[in-house]
1. Within the chain, what whole-number % of the accessible surface is contributed by carbon and sulfur, with the 1.4 Å probe and all protein chains included in the calculation?
2. 222 nm [θ] for the chain, helices only, -39500 (n - 2.57) per DSSP H run of 4+, per residue, to 500?
3. Which lysines have a Cα less than 27 Å from the Cα of LYS26, not counting those fewer than 8 places away in the same chain?
4. If exposed means no more than 14 neighbouring beta carbons inside 10 Å and the site is in a DSSP loop, what's the longest run of the chain without any exposed trypsin sites (Lys or Arg not before Pro)?
5. Tell me the label-point distance for the pair LYS50, ARG81, using the 7 Å Cα-to-Cβ offset, in nm and rounded to one decimal.
6. Go ahead and set up a Gaussian network model of the chain, Cα springs under 10 Å, then flag whichever of GLU35, GLU25, GLU86 fluctuates most.
7. Take each uninterrupted DSSP H stretch in the chain, measure its Cα extent along the helix axis, and return the ones at 27 Å or beyond whose mean Kyte-Doolittle hydropathy is at least 0.0.
8. Students often forget the sequence filter, so: which aspartates and glutamates lie under 19 Å Cα-Cα from LYS98 once same-chain residues fewer than 8 apart are removed?
Amino acid sequence: MAKTCMIEKEKNRRALAKRYRVRREKLKAIIMNKETPMEERFTAVMLLAKTPRNAARVRQRNRCALTGRPRGNYRKFKLCRIKLRELANNGQIPGVTKASW
């Protein structure tokens, strides 16, 4: 089980990213557009720099939905490899069977 503070920090990052998503997309569109004047692009860069760092989606980390484990996650199931194996062996994940050949 991951530390509770790390799980809460990740929740905070997700909430910030959701809140600032539209603003960041608009500023990035201005910055990437080569037709906009240089001064306007520079002010857009400065405004983007003023947004919180944790508002960027890049700062988020995939975590297991059950344990909060940060490594070895399957995106499709939102579970770490350990919990995925346990649930699959118990038959609690529909459509997942052990490989046999």
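The values are calculated or read from the model by the stated rules, or taken from the named source; none is laboratory data. Fair warning: this is a prediction, and the values are worked out from it, not measured in the lab. Positions of Cβ are generated from backbone atoms using ideal geometry, with glycine treated the same way; all protein chains shown enter the neighbour counts. Ligands, DNA and RNA are excluded from the accessible area calculation, which covers all protein heavy atoms including side chains. Shrake-Rupley method; radii C 1.70, N 1.55, O 1.52, S 1.80 Å.
1. Working: 4550 of 8400 Å².
Heavy-atom surface of the chain belonging to carbon and sulfur, 1.4 Å probe: 54 percent.
2. Details: 3 runs with 51 residues, N = 101.
So the helix-based figure for the chain works out to -17000 deg cm²/dmol.
3. Excluding near neighbours in sequence, the set is LYS9, LYS11, LYS18, LYS34, LYS50.
4. Numbers: sites that count: LYS3, LYS34, ARG61, ARG71, ARG75, LYS76, LYS78, LYS98.
Longest gap between qualifying sites, sites excluded: 4-33.
5. So the label points at LYS50 and ARG81 sit 4.6 nm apart.
6. Judging by the Gaussian network model, the answer is GLU35.
7. The answer is none, since no helix passes both cut-offs.
8. Once the sequence-local aspartates and glutamates are set aside, what remains near LYS98 is GLU86.
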